[in-house]
Amino acid sequence: MSKEKSAIIVGAGLVGSLWAVYLSKAGYKVTIYERRSDIRKAEISAGKSINLALSVRGWTALDAVGVGDKVRDLAIPMTGRIMHSEEGDLSYQPYGQEGQAIYSISRGGVNARMMDIAEQDGNATIHYNHHCNDVDLEAGKVQLINKETNETVHDQADVVFACDGAFSAVRYKGMQKLDRFDFSQDFIDDGYREILLPANEDGSYKMDKNALHIWPRGRFMLIALANEDGSFTCTLFMPYDGGENSFNSLDSKEKVDNFFKETFPDFYEMMPEIADAWEDHPLSSLAIMRSYPWHHGKTAMMGDAAHATVPFYGQGMNGAFEDCTVMWRLMQKHNEDWEKVFAEYSIERKPDGDALQDLSLYNYHVMRDYVADPMFLLRKKIEAKFSKLYPEKWLPLYSQVTFSNIRYSEAIANGKAQSRIMDEIMKNPNITAEWDSQEIMNQIAEKI
């Protein structure tokens with residue numbers, strides 16, 4: 001009788017829970033160790049953490065193992081962005097073609113659902129309050145501390161997957177001690193603080209729920225995504241330091257009140273008690289973590305453990321779920337010869353992890369600075385029109401990233417080539433008057 005195949009996953013977050021389902025389908029007995037307590041037993045309030053945006057890559061990974069429908073009821077479609085000017089004027093920008101949307105989903109809600117899925121569809125055993133203390137990458141061994149009993153727990157499996165997030169214990173205790181392992185962490189100058197905008201008294205939404213709301217203000221911005229209960233999870237991204245528009249300068253209720261009243265007047269009207277709610281959620285930092293290789297011995301890193309990014313393209317979860325898609329394909333290709341699977345996974349996936357991080361930083365500038373710029377918006381309209389006329393020749397960068405499974409590294413290369421063409425097109429002296437003419441469309445076609 002053949003020995004049962006076994007796998008350990010460190011981290012019961014989104015990617016760990018989904019990967020358990022994939023492994024179970026391949027016949028693995030899956031054990032998950034999670035540092036935190038079971039969030040399903042705690043009250044998950046909307047707005048605990050930045051809402052997530054599920055898009056094509058995420059749905060592809062979920063649907064491949066038949067669990068997409070188990071989270072669809074949590075997802076609210078957003079067909080575009082609504083910009084809020086300082087005067088309170090609203091302008092709408094669709095994300096893609098008609099019928100295309102990204103989906104707002106609460107991190108806590110989807111994480112709890114994914115844990116259910118890991119247990120029910122993945123037959124996984126989840127041990128909570130187990131902190132990874134040491135790891136033998138070559139032997140597939142982990143040592144953990146049970147935080148409730150203080151006992152040391154040892155476990156071993158055929159393969160180990162580090163799905164334990166940006167501050168991965170497996171990476172820190174194992175990978176980062178290896179010779180020639182590359183690792184860098186780069187904290188951006190900005191932090192974020194969440195604000196929960198409550199529903200109206202009758203439970204209805206205060207704004208359009210089917211859009212991502214943005215208050216772009218140059219060096220900082222406020223965004224809002226709808227929750228199922230009529231509320232919005234709002235997030236202020238802003239520098240820690242530097243003048244009055246920084247977190248460290250908002251050191252009193254009066255300053256917070258004045259800041260919102262002057263900077264986001266239409267938001268202030270909806271939530272005049274903002275100063276009282278200001279400290280309901282902590283001020284948090286944002287970092288990009290790069291590493292390589294993403295495997296060693298019997299151990300591999302997936303999701304944020306390998307390629308943590310900032311949230312500005314809404315692709316962190318989608319990219320992590322896509323790691324499952326890629327790893328699964330390589331498992332089939334190499335007939336579960338893990339040495340070959342892991343080696344190709346690191347080589348193939350690393351350029352896409354880097355590209356996703358570069359895209360995420362780029363999109364922060366787009367959301368913060370450019371979405372209110374008339375020439376930038378005109379540029380996007382020209383691209384959208386050309387793409388609709390010649391879909392086989394041009395797919396805008398945002399659509400490549402969000403509404404396709406094109407590799408991130410290919411998308412960013414295509415986007416740079418498209419950007420060079422559009423730079424030339426925008427130099428036309430009469431572009432504002434002639435932007436939708438056939439002549440302009442022909443000029444783009446000639447340059448491709």
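The values are calculated or read from the model by the stated rules, or taken from the named source; none is laboratory data. Computed from a prediction, not measured in an experiment: that's the story for all the values here. Cβ sites come from the backbone with ideal geometry, for glycine too, and all protein chains shown count toward neighbours.
Determine if region 195-204 includes at least one residue that is buried (at least 16 other Cβ atoms within 10 Å of the Cβ), more than 25 Å from VAL341 (Cα to Cα), out of contact with any Cys (no Cβ under 8 Å at 6 or more places or on another chain) and not small (Gly, Ala, Ser). For region 195-204, residues buried (at least 16 other Cβ atoms within 10 Å of the Cβ), more than 25 Å from VAL341 (Cα to Cα), out of contact with any Cys (no Cβ under 8 Å at 6 or more places or on another chain) and not small (Gly, Ala, Ser): present. For the residues ALA211, ALA224, the requirement of being over 21 Å from LYS261 (Cα atoms) and surrounded by 21 or more Cβ atoms within 10 Å (Cβ to Cβ) singles out ALA211.
Just one of the listed residues (ARG180, ARG193) is among the charged types (D, E, K, R) and in contact (Cβ under 8 Å) with a residue 60 or more places away in the chain, namely ARG193.
From TYR172, TYR205, TYR192, which residue is in a helix (DSSP H, G or I) and either out of contact with any Gly (no Cβ under 6 Å at 6 or more places or on another chain) or under 30 Å from LEU222 (Cβ atoms) (or both)? Only one candidate passes the filter, namely TYR172. Looking across region 226-267, the residues that are out of contact with any helix residue (DSSP H, G or I) (no Cβ under 9 Å at 6 or more places or on another chain) and under 20 Å from LEU361 (Cβ atoms) come down to SER246, PHE247. With a requirement of 1 or more residues that are crowded, with 20+ Cβ neighbours inside 10 Å, the strands (runs of 3 or more DSSP E) lying completely within region 43-145 that satisfy it span 52-54, 76-78, 80-84, 102-105, 125-127, 130-136.
Could you please let me know if GLY88 is touching a residue at least 24 places away in the same chain (Cβ under 8 Å) and farther than 25 Å from TYR22 by Cβ? So GLY88 passes the test.
For region 332-346, the tally of residues that are touching a helix residue (DSSP H, G or I) at 6+ places or on another chain (Cβ under 7 Å) and buried (at least 20 other Cβ atoms within 10 Å of the Cβ) stands at 2. Would you say ALA300 is of a type outside the set (Lys, Arg), surrounded by 24 or more Cβ atoms within 10 Å (Cβ to Cβ) and touching a helix residue (DSSP H, G or I) at 6+ places or on another chain (Cβ under 9 Å)? For ALA300, the condition - of a type outside the set (Lys, Arg), surrounded by 24 or more Cβ atoms within 10 Å (Cβ to Cβ) and touching a helix residue (DSSP H, G or I) at 6+ places or on another chain (Cβ under 9 Å) - is met. Residues in region 314-329 that are in contact (Cβ under 8 Å) with a residue 12 or more places away in the chain and closer than 20 Å to ALA343 by Cβ were compared, and the one that is farthest from the chain's Cα centre (by Cα) is TRP328.
Quick one: would you say ARG171 is in contact (Cβ under 8 Å) with a residue 24 or more places away in the chain, more than 26 Å from TYR398 (Cβ to Cβ) and surrounded by 17 or more Cβ atoms within 10 Å (Cβ to Cβ)? Answer is yes for this residue. Only one entry in PHE312, PHE321 is within 19 Å of VAL160 (Cα to Cα) and part of a helix (DSSP H, G or I), namely PHE321. Going by the structure shown, is LYS393 part of a loop (DSSP other than H, G, I, E, B), charged (D, E, K, R) and either in contact (Cβ under 8 Å) with a residue 12 or more places away in the chain or within 24 Å of ALA166 (Cα to Cα) (or both)? Against the criterion (part of a loop (DSSP other than H, G, I, E, B), charged (D, E, K, R) and either in contact (Cβ under 8 Å) with a residue 12 or more places away in the chain or within 24 Å of ALA166 (Cα to Cα) (or both)), LYS393 qualifies. Here SER409 clears all of (1) more than 21 Å from PRO94 (Cβ to Cβ); (2) more than 31 Å from the chain's Cα centre (by Cα); (3) of a type in the set (S, T, N, Q) except the condition numbered (2).
Condition check: assigned by TED's automatic domain parsing to the domain that holds ASP358 and over 23 Å from ALA20 (Cα atoms). Does VAL326 satisfy that? Answer is no for this residue. Starting from residues that are more than 37 Å from the chain's Cα centre (by Cα) and assigned to a helix (DSSP H, G or I), keep the ones in region 418-442 and report whichever is farthest from PRO391 (Cα to Cα). Selected residue: ALA433.
Reported count of residues in region 156-211, each being of a type in the set (Lys, Arg) and in the same structural domain as GLY297 (by TED's automatic domain parsing), is 4. Tallying residues that are over 26 Å from VAL159 (Cα atoms), in contact (Cβ under 8 Å) with a residue 60 or more places away in the chain and acidic (Asp, Glu) within region 336-386 yields 1.
The number of residues in region 63-85 being closer than 16 Å to LEU225 by Cα, without any contact (Cβ under 8 Å) to a residue 40 or more places away in the chain and either assigned by TED's automatic domain parsing to the domain that holds VAL21 or in contact with a helix residue (DSSP H, G or I) (Cβ under 7 Å, 6 or more places away or on another chain) (or both) comes to 0. Each residue in region 32-52 was checked for being in contact with a His (Cβ under 8 Å, 6 or more places away or on another chain), more than 24 Å from PHE312 (Cβ to Cβ) and either at pLDDT below 85 or acidic (Asp, Glu) (or both), and 1 of them qualify.
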